[in-house]
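The values are calculated or read from the model by the stated rules, or taken from the named source; none is laboratory data. It should be emphasised that the depicted structure is a prediction, and the values quoted were computed from it without experimental measurement. Here the Cβ positions follow ideal geometry from the backbone for every residue, glycine too, while neighbour counts run over all protein chains shown. Side chains included, ligands, DNA and RNA excluded: accessible areas come from the protein's heavy atoms. Shrake-Rupley method; radii C 1.70, N 1.55, O 1.52, S 1.80 Å.
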Amino acid sequence: FYTHDHATGDDDAFGLVALRFDFTRQGRLRIDYRRHREHWEGARYDQSALHVRGEAQLTKWLNLGASVRRGDSVYYDDEDPFLGHGIRANASATLQPNDKISLYLDYTYEYLDRTGSGEREYDLHLAISRLTYQFNKHLFLRALVQYDSYRGMVLSDVLASLMIVPGTVCHV
């Protein structure tokens, strides 16, 4: 992709080379290499990254996925933007032992270091769990718990959803 910004006169570009494989059990493997030139706040940032993602439906009730991205990223800060280098790793699982219950678990670790000095800008651990119980075709209950180490917070949410007639849903 190539973009010219008439307001700034700068040219941005994005290129991607990818290998994608499909396997039995809904298995997939994707390997991407990306190059990206971006202008932001009067500076030019040349970035590259390698991204690998795989997933598979191992059994009728278990789906697993994982990915890792290593490369450059822009830290968008109004006062001190910079190009950093880091890793983002993710693992997820969905367990659905029957038609009524489903548990989704997701964990992400990400860090970004300043290019040049190597100073760590941030470390992030993000964990998400979502439990859904389908009472019948009209009513379900969902509970969500999320941990964010960057903000030092645990967030939770509960949702009840009732479909009265198709197209009419009540949420609490």
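Measuring between their Cα centroids, region 94-129 and region 6-73 lie 16 Å from each other.
So between SER67 and LEU124, what do we pick up on full extension, going 0.36 nm a residue minus the alpha carbon distance? Don't skip to the end; give the middle numbers.
Values: separation 57, 0.36 × 57 = 20.52 nm, distance 1.57 nm.
Taking 0.36 nm per residue and subtracting the Cα distance, the gain is 19.0 nm.
Inverting the mean 1/r over all pairs of different Cα atoms, compute the Kirkwood radius of region 51-95 and quote it in Å. Please report the intermediate quantities before stating the final value.
Values: mean 1/r = 0.0791 Å⁻¹.
Result for region 51-95, one decimal place: 12.6 Å.
Considering only the Cα atoms of region 74-172, their convex hull presents on average a projected area of 9.0 nm². When THR168, THR115, THR132, THR24 are compared by accessible surface with a 1.4 Å probe, the order from highest to lowest is THR24, THR115, THR168, THR132. Sequence-ordered 3J(HN,Hα) estimates for region 45-62 from the Karplus curve with 6.51, -1.76 and 1.60 and θ = phi - 60° stand at 10, 9, 10, 9, 7, 10, 10, 10, 9, x, 7, 7, 8, 5, 9, 4, 10, 9 Hz, glycine and proline given as x.
Enumerate by residue number the trypsin sites (Lys or Arg not before Pro) in region 3-48 meeting two conditions: DSSP loop (anything except H, G, I, E, B), and at most 16 other Cβ atoms within 10 Å of the site's Cβ. Answer in residue order: ARG25. Sparse packing (at most 15 other Cβ atoms within 10 Å of the Cβ) combined with a DSSP loop state is found for the following GluC sites (Glu not before Pro) in region 1-68: GLU41.
Suppose R0 equals 30 Å; then what is the FRET efficiency for ALA18 and ARG151 from their Cβ-Cβ distance, rounded to the nearest 0.05? Walk me through the numbers before you get to the answer.
Details: r = 33 Å, r/R0 = 1.11.
For R0 = 30 Å, the calculated efficiency reads 0.35.
Accessible area per residue for region 1-74, computed on protein heavy atoms with a 1.4 Å probe, is 70 Å².
Given 0.36 nm per residue, what is the gain on full extension from ALA43 to LEU131 after removing their alpha carbon distance, in nm? Don't jump to the answer; show the numbers that get you there.
On the way: separation 88, 0.36 × 88 = 31.68 nm, distance 4.44 nm.
That works out to 27.2 nm of additional length.
Once the convex hull of all Cα atoms in the chain is built, its volume per residue stands at 186 Å³. What is the local net charge at TYR133, summed over the other residues whose Cβ is closer than 12 Å to its Cβ (Lys, Arg +1; Asp, Glu -1)? My count for the surroundings of TYR133 gives +2. Solvent-free Debye calculation, one equal scatterer per alpha-carbon of region 29-82: log10 I(q)/I(0) at 0.17, 0.28 Å⁻¹ equals -0.66, -1.04. Hey, rough spin-label estimate for ALA89 and VAL165, points 7 angstrom out along Cα→Cβ, what's it come to in nanometres? So the two model labels end up 5.3 nm from each other. Taking amide H as placed 1.01 Å from N in the peptide plane, the amide H of TYR45 sits under 5 Å from that of GLU38, HIS39, TRP40, each at least 5 places away or on another chain.
When its C-alpha radius of gyration is set against 2.2 N^0.38 Å (N residues), region 122-172 gives a value of 1.52. Applying 0.36 nm per residue to the separation of TYR2 and SER117 and subtracting their alpha-carbon distance, the gain on full extension is 38.3 nm.
Here the translational diffusion coefficient of region 69-120 follows from Stokes-Einstein with Rh set to the Kirkwood radius across Cα pairs; for 25 °C and 0.890 mPa s it amounts to 182 µm²/s.
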